[in-house]
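Below is one structure, written out as structure tokens; comments come after it.
What follows draws every value from the coordinates through simple rules; no lab data is involved. The structure displayed is predicted, hence computed values, not measured ones. A quick note on method: Cβ atoms are made from the backbone with ideal geometry, for glycine too, and the neighbour counts reach across all protein chains shown.
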Amino acid sequence: MDLELKGKVALVTGGATGIGAGISEYLAAEGVNVAVNYIVDEPQVLAFTNRLQDQYGVETLPVYGDVSKSADNDEMVARTLKRFAKIDILVNNAGIWPTEDMIEMPDAHWQRVIDINLNGAYMLSKRVVRSMIERKIGGVVINMSSKSGIQCSTGGHGHYTTAKAGLNMLTRSLAREISHLGIRVVGIAPGMVRTPINEDKWKQDGLMEEYLERIPVGRFAEPIEIGYLVAFLASSKACNITGTTLDSTGGMLI
């Protein structure tokens, strides 16, 4: 299927590692020019974006920015627009997943997760959507939610689950306001995905086997597989999908 994405421009937050890297990779494979947001490990990001350029013949732009900071969001959008003149696709993927009990965590830890996983998506979406409206182009905002934003099945992640549940409502609320402008807003709720952010957790005794028993398809997803879904949702083939969060958990929400 030709997704007709060649020449589009995407901004992917947290786009050089984990799920974000899978998203950036597959968008590039479909001919999308990708601005890859990062916050740490600049040499690794440069190597990654250079490889995407060489392998897929697209243009890439490493763009530093902390999504929880308004000024950084302003700069990310400005740099991307300066390089590519437009943003067709925004993927709000940046996030953190710490483990700590709600009644024990410092207030600042709660605030940090909310700021990165929820407030950052709002602030950046607002800026990118304004750029789409100013340029009179359609576009797509894709919010990376989580199974945990729909179903709270384990403890220790109260700040994360709250942020992701809020992100699901952000998807619906923003879609309600802007879909008539030709700008769709869609969420994706992955389940268990093999990424650096969670790999150490699977090494705990029996934990991986425990999770595998809860996944009807019997396997963890790979980051590139989330990229497949992002590319489809970003394409005109998904023109009637907006204001919803799609289950990509391998059946964990059944």
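Can you check what the net charge comes to around Glu30, using other residues whose Cβ is under 13 Å from the Cβ of Glu30 (Lys, Arg +1; Asp, Glu -1)?
Net charge in that neighbourhood comes out at -1.
Candidate cross-link partners of Lys82 among the aspartates and glutamates, defined by an alpha-carbon separation under 18 Å and a same-chain spacing of 8 or more, comprise Glu59, Asp72, Asp74, Glu134.
Taking other Cβ atoms within 10 Å as a rough exposure proxy, Arg83, Arg130 sort from fewest to most as Arg130, Arg83.
Relative contact order, whole percent, for segment 1-140 stands at 25, derived from Cα pairs under 8 Å and 6 or more residues apart. Averaging the Cα positions of each part gives two centres, and for segment 1-61 and segment 99-171 these lie 22 Å apart. Can you pick out the pairs among Lys136/Lys237; Lys86/Lys126; Lys6/Lys147; Lys69/Lys126; Lys126/Lys147; Lys6/Lys164 whose Cα atoms lie more than 23 Å from each other? From the list (Lys136/Lys237; Lys86/Lys126; Lys6/Lys147; Lys69/Lys126; Lys126/Lys147; Lys6/Lys164), the Cα-Cα distance tops 23 Å for Lys6/Lys147; Lys126/Lys147; Lys6/Lys164. Each peptide among 88-95, 207-214 gets the average number of other Cβ atoms lying within 10 Å of its residues, and from highest to lowest they stand as 88-95, 207-214.
Placing unit charges on each Cβ (+1 for Lys and Arg, -1 for Asp and Glu) gives segment 9-248 a dipole about its Cα centre, and among Ser173, Tyr211, Ile150 the Cα reaching farthest toward its positive end belongs to Ser173.
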